[in-house]
1. Kindly evaluate T198 against the criterion of being open to solvent by 50 Å² or more (accessible area, probe 1.4 Å) and out of contact with any helix residue (DSSP H, G or I) (no Cβ under 7 Å at 6 or more places or on another chain).
2. So which residues in the stretch 158-183 are over 14 Å from the mean Cα position of the chain (by Cα), surrounded by 16 or more Cβ atoms within 10 Å (Cβ to Cβ) and not basic (K, R)?
3. Which residues, counting only those in the stretch 204-221, are assigned to a helix (DSSP H, G or I), in contact (Cβ under 8 Å) with a residue 60 or more places away in the chain and either crowded, with 18+ Cβ neighbours inside 10 Å or within 20 Å of the chain's Cα centre (by Cα) (or both)?
4. Within the stretch 142-154, work out how many residues are over 18 Å from I185 (Cβ atoms) and either over 19 Å from the mean Cα position of the chain (by Cα) or open to solvent by 60 Å² or more (accessible area, probe 1.4 Å) (or both).
5. Any residue at all in the stretch 115-136 that is surrounded by 21 or more Cβ atoms within 10 Å (Cβ to Cβ), aliphatic (A, V, I, L, M) and over 16 Å from R220 (Cα atoms)?
Amino acid sequence: MSNSADSPTPASRRPAFRPVRLLTGAVFALAGIIFWTSFNTAQGTDIRSDESMLRLSDLIQERSRKNGALGESAARTRADVDALARRDNGSTKAEQRKLEGLEKTAGTRGLSGPGLTVTLTDAPPNATPQIPGVPDPQPNDLVIHQQDLQAVVNALWQGGAKGIKVMDQRLISTSAVRCVGNTLILQGQVYSPPYKITAVGDRERLTTALTASPAIQNYRSYVEAYGLGWKVDQHDTVTLPGYSGTVDLHQAQPVP
């Protein structure tokens with residue numbers, strides 16, 4: 001007897017299950033969720049518009065101003081606490097001198113003395129080569145970068161600086177000089193060029209260190225080629241403020 005009656009006909013066979021179909025459906029569903037979320041966030045507006053960027057810039061500047069005000073308030077409070085501590089701790093004069101020395105080393109006390117100020121400035125946006133044979137500048141060639149600021153700071157420390165401030169803020173061992181785009185972010189505040197770095201120390205040694213730095217020599221080649229700003233002002237006496245932020249370390253490990 002033939003078994004053809006018991007076998008399913010081609011029309012009645014179930015199609016083989018293909019996992020790729022389920023995966024395709026999941027991808028389309030995820031894409032729909034993403035599109036809906038984007039639409040709901042933007043509320044039908046252009047989230048890349050100049051107006052949106054302007055609001056973001058205003059927010060950054062406002063937060064920077066608030067951070068500056070909080071820093072000034074913290075500095076006044078720190079001064080009051082230090083005054084009360086000196087009055088009530090019963091320290092001897094020798095202990096008090098030792099404490100003041102530690103505060104100077106840590107950068108939490110003001111510092112005055114001879115020194116210099118280095119000013120770095122962006123080149124004009126329409127700058128052209130000032131040296132024959134130099135290629136036309138790219139946008140990045142015309143702005144101050146993080147490594148330029150860091151090169152000046154490192155050279156000044158190398159030249160024996162007793163203290164350094166960038167813009168209006170004192171640097172300490174945990175300070176980080178960071179740039180985002182063409183703006184400087186330092187200890188919670190935002191700055192735009194021109195950037196001023198001031199150091200207290202032996203002016204001759206500081207100047208020699210600036211001249212000898214390979215990184216600064218590279219920067220000054222761009223000064224000559226495209227007109228980036230470089231200026232060094234000497235001071236008979238300059239005063240650096242004491243650092244007023246937190247000095248607590250959140251994470252550290254000993255150097256081998």
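The values are calculated or read from the model by the stated rules, or taken from the named source; none is laboratory data. Note that the structure is a prediction, hence the values are computed from the model and not measured. Backbone-built Cβ (ideal geometry, glycine too); neighbour counts: all protein chains shown. Side chains included, ligands, DNA and RNA excluded: accessible areas come from the protein's heavy atoms. Shrake-Rupley method; radii C 1.70, N 1.55, O 1.52, S 1.80 Å.
1. No, not satisfied.
2. G159, A161, G163, I164, I172
3. L206, L210, A215, I216, Y219
4. Of the residues in the stretch 142-154, 1 are over 18 Å from I185 (Cβ atoms) and either over 19 Å from the mean Cα position of the chain (by Cα) or open to solvent by 60 Å² or more (accessible area, probe 1.4 Å) (or both).
5. Within the stretch 115-136, one or more residues are surrounded by 21 or more Cβ atoms within 10 Å (Cβ to Cβ), aliphatic (A, V, I, L, M) and over 16 Å from R220 (Cα atoms).
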